[in-house]
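The block underneath contains the structure these notes are about, expressed in structure tokens.
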Amino acid sequence: MNINKNYQNIADSYLFSTVAKKVSEFSSKNPDKKIIRLGIGDVTLPLCKAVVSALKSACDEMGVKETFRGYGPEQGYEFLKTRLQDYYKSHNVDLELDEIFISDGAKSDLGNILDLFAVDNTVLVPDPVYPVYVDTNTMAGRKIVYIDANEQNDFLPLPDSSVKADIIYLCSPNNPTGAVYNKTQLKKWVDYANENHAVILFDSAYECFITDKELPRSIYEIEGAKTCAIEFCSLSKTAGFTGTRCGYTIVPKTLVFDGVSLNKMWLRRQTTKFNGVPYIIQRGAEAVFTPEGLEEIQENLNYYRENAKLISETLKKHNIWHIGGKHSPYIWLRCPNNMTSWEFFDYLLENVQVVGTPGAGFGKNGEGYFRLTSFGSRENTIEAVERLDKLFG
Ligand code: MLT
């Protein structure tokens, strides 16, 4: 048996596992110190009432012979897909039901989708970016080229016609920087992909944080996107489903390469390798998109937006350069005193026990930067900014 040697080309441990390990080592040496975690983007508010009630009812149904359900459709129940279709319609995007695939989250599908593409494709990844894009392609042995995201281009790189790429990753609002593409910028990527026979894998996991109606929440708001883009989203950040697990992937039927429909390929892949998201969870997800669910999740999103404001105000007070936090739960800051990302990580952990994510973990252009999340509880966020205020002061 020969192992997949490509695994030797990725870091020993996934970024957030490395951070968690460092924090747990610090914590076992300093058991009396209260650590505030603003590192991994994990939510802290509970599921909203509409969701909890739907989950309970679905549990009850599963305990009764007449309403019990076994295997469901691998690509998701129609009741949830119809809600998603309406959700997209509210952003002026028309989708057919069989273009929507329900999954257990964007991360899994972003990795799984690679089954559809040949190994000799060249992958274009903005740097810095969510590490899953790079790690999954490295595992498969694909060639990766990078496009620089930096302060000069507001961390929103645009296509470079001299670069030849087949698979392009875009994440907007961006993880880790919080930067958001406008429609004109996104159109440039769509045109580039259509002209170059390339596919865009568009990660819209943070779309719910966008408040400016002019900014696109879906790539399908851009003309031409349905012939070049697959979109991935999840309820993790939208409705606090990080532990509940439900997401969706949109594969338009007009996405045809070399005469082959990617929608059909993905359906074939999912029906073979996936047995669908649990019925109970899909009922909970359905409740997110009811009028009361949508209202309740807005309250939670506003709570996180307020946290982001508190963090941003403290950084501003100390003249620390930062972006994000406006249409995103992430605040991306330049480490003070020219510290490297990991030096700043250790500095904060040792001195004020505030945990963030080192920018270098998202790529070489992330070196010297740091990411804080607004997903903490209000009490912890206030305590964290007070500690930072004292430290920087
Ligand atoms: C993050 O912190 O970047 C996210 O929580 C990771 C994820 O969504 O998988």
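The values are calculated or read from the model by the stated rules, or taken from the named source; none is laboratory data. In this text the structure is predicted, and so the values were computed from the model without any measurement. Here the Cβ is made from the backbone with ideal geometry for all residues, glycine too, and neighbour counts use every protein chain on show. All accessible areas refer to the heavy atoms of the entire protein, side chains included, with ligands and DNA or RNA removed. Shrake-Rupley method; radii C 1.70, N 1.55, O 1.52, S 1.80 Å.
Laid out as a table, the results:
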read-out: Rounded percent of accessible protein surface that carbon and sulfur make up, region 49-291, 1.4 Å probe; value: 51
read-out: Test item: Cα-centred dipole of region 1-78, Lys/Arg +1 and Asp/Glu -1 on Cβ, debye; value: 480
read-out: Surface share of carbon and sulfur [accessible, 1.4 angstrom probe, percent] for region 319-393; value: 46
read-out: With DNA, RNA and ligands ignored, accessible area of F202 (1.4 Å probe; Å², nearest 10); value: 0
read-out: Charged-residue dipole, Cβ positions (Lys, Arg, Asp, Glu), region 49-291 about Cα centre, Debye nearest 20; value: 660
read-out: Residue (of S218, N196, L97) at the positive-pole extreme of region 49-291, dipole from beta-carbon charges; value: L97
read-out: Distance violations [Cα-Cα > 20 Å] among K187/K237; K107/K183; K81/K253; value: K187/K237; K107/K183
read-out: Expected 222 nm ellipticity per residue - DSSP helices of 4 or more, -39500 (n - 2.57), all of the chain, to 500; value: -12000 deg cm²/dmol
read-out: Alpha-carbon centroid distance for the pair region 34-58 / region 67-117, whole angstrom; value: 22
read-out: Residues of the chain: accessible area per residue with a 1.4 Å probe, Å²; value: 45
read-out: Accessible area (Å², 1.4 Å probe, nearest 10) - D389; value: 50
read-out: Dipole magnitude of region 245-359, debye to nearest 20 (Cβ charges: Lys/Arg +1, Asp/Glu -1, about Cα centre); value: 580
read-out: Heavy-atom SASA rank of L388, L267 (probe 1.4 Å, accessible area, largest first); value: L267, L388
